Amino acid sequence: MIKKTLNQNTKYVRQLIKIVEPNFNFGSKPINRFDLDKNAQVETSLDKSKKLKHLEERINAIENCKLKDFSKNLVMGDGNINSPIMIVGENPGELEDIDNTPFLGEAGALLDKMLLAINIKRKKIYTTYSINFRSPEDRKPTSQEIKRYSIFLKDHISIIDPKIIILLGSTAMEALTGLTNKISDERGKWKEIIIKNKSFIVIISFSPSYLIRFPENKKYSWIDLKKIRQKVEKLKIEI
């Protein structure tokens, strides 16, 4: 009679796995890593959507604000919430306020062309504003208003967690960097900001609405766009 040898190591490993992870399953069928990644992306999207909804509720709860009282809608954001690129504009205009969507009309059409010039489709990125409400008579928001809403903007960025942030216009520049000098002195320069102990890279450029009023500055925006394309390629960002 031959006594069958028991592999004690295998026995102990299985017992250990049951203790550490009771739902672990042994099987010969290979694990589909694509499905795991896809499920992780879905869970991330659901988590971000929940956080964005909570942030929107916080912004809507703000009191004693002329911008909110004047506006029809809160304009939160649009596009792919998992995008590695986030565009932050100034604040909504009349069309955006009515439709509750960022960058519409002539300015939106120009933004689309600008992005397509560097092979980026707007639907694949995420767009928002530094201030979520329209200003009376479309005036520039005050420094006090910018500072008040910058708290929400920074939370917004933390949720989206982009690899590149593009700031369009002086309001966006001031909200995120604190700079109040001429945008022409700061545009086209890569900067680093820290939000909640995490570093983000940003670049400043002219807003589409400004370029419509002053088209002679489009040549500078084109220089900025090429820098963005170069950074996308350098960081190997898929977009």
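The values are calculated or read from the model by the stated rules, or taken from the named source; none is laboratory data. Treat the numbers as computed from the prediction; the structure is a model and nothing was measured. For neighbour counting, all protein chains shown are included, and Cβ atoms are generated from backbone atoms with ideal geometry for every residue, glycine included.
At-a-glance table
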item: T101, sole failed condition from (1) without any contact (Cβ under 8 Å) to a residue 40 or more places away in the chain; (2) in a helix (DSSP H, G or I); result: (2)
item: Set L153, L115, L111, L67: member being assigned to a helix (DSSP H, G or I), touching a helix residue (DSSP H, G or I) at 6+ places or on another chain (Cβ under 9 Å) and over 19 Å from S170 (Cα atoms); result: L115
item: Those residues of segment 205-228 which are more than 19 Å from L104 (Cα to Cα) and either at pLDDT below 95 or among the aliphatic types (A, V, I, L, M) (or both), in sequence order; result: I223, L225, I228
item: Residues of segment 123-148 satisfying the condition of being free of Cβ contacts under 8 Å to residues at least 60 places away in the same chain and buried (at least 21 other Cβ atoms within 10 Å of the Cβ); result: Y126, T127, T128, Y129, S130, I146
item: Filtered residues of segment 81-94 (kept if under 8 Å from the mean Cα position of the chain (by Cα) and not hydrophobic (A, V, I, L, M, F, W, C)); result: N82, S83, P84
item: Check on I183, within 25 Å of L116 (Cβ to Cβ), free of Cβ contacts under 8 Å to residues at least 60 places away in the same chain, surrounded by 14 or more Cβ atoms within 10 Å (Cβ to Cβ) and more than 18 Å from the chain's Cα centre (by Cα); result: yes
item: Members of segment 183-215 that are part of a strand (DSSP E or B) and among the hydrophobic types (A, V, I, L, M, F, W, C); result: W190, I193, I194, I195, F200, I201, V202, I203, I204
item: Complete set of residues in segment 74-92 that are buried (at least 20 other Cβ atoms within 10 Å of the Cβ) and more than 16 Å from I159 (Cα to Cα); result: V75, G89, E90, N91, P92
item: Tally of residues being in contact (Cβ under 8 Å) with a residue 40 or more places away in the chain, among the basic types (K, R) and in a loop (DSSP other than H, G, I, E, B) across segment 216-239; result: 0
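Residue-wise test of (1) more than 21 Å from E56 (Cβ to Cβ); (2) of a type outside the set (S, T, Y); (3) assigned to a helix (DSSP H, G or I); (4) touching a strand residue (DSSP E or B) at 6+ places or on another chain (Cβ under 6 Å).
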{"residue": "E106", "(1), (2), (3), (4)": "yes, yes, yes, no"}
{"residue": "F133", "(1), (2), (3), (4)": "no, yes, no, no"}
{"residue": "E145", "(1), (2), (3), (4)": "no, yes, yes, no"}
{"residue": "I159", "(1), (2), (3), (4)": "no, yes, yes, no"}
{"residue": "T171", "(1), (2), (3), (4)": "no, no, yes, no"}
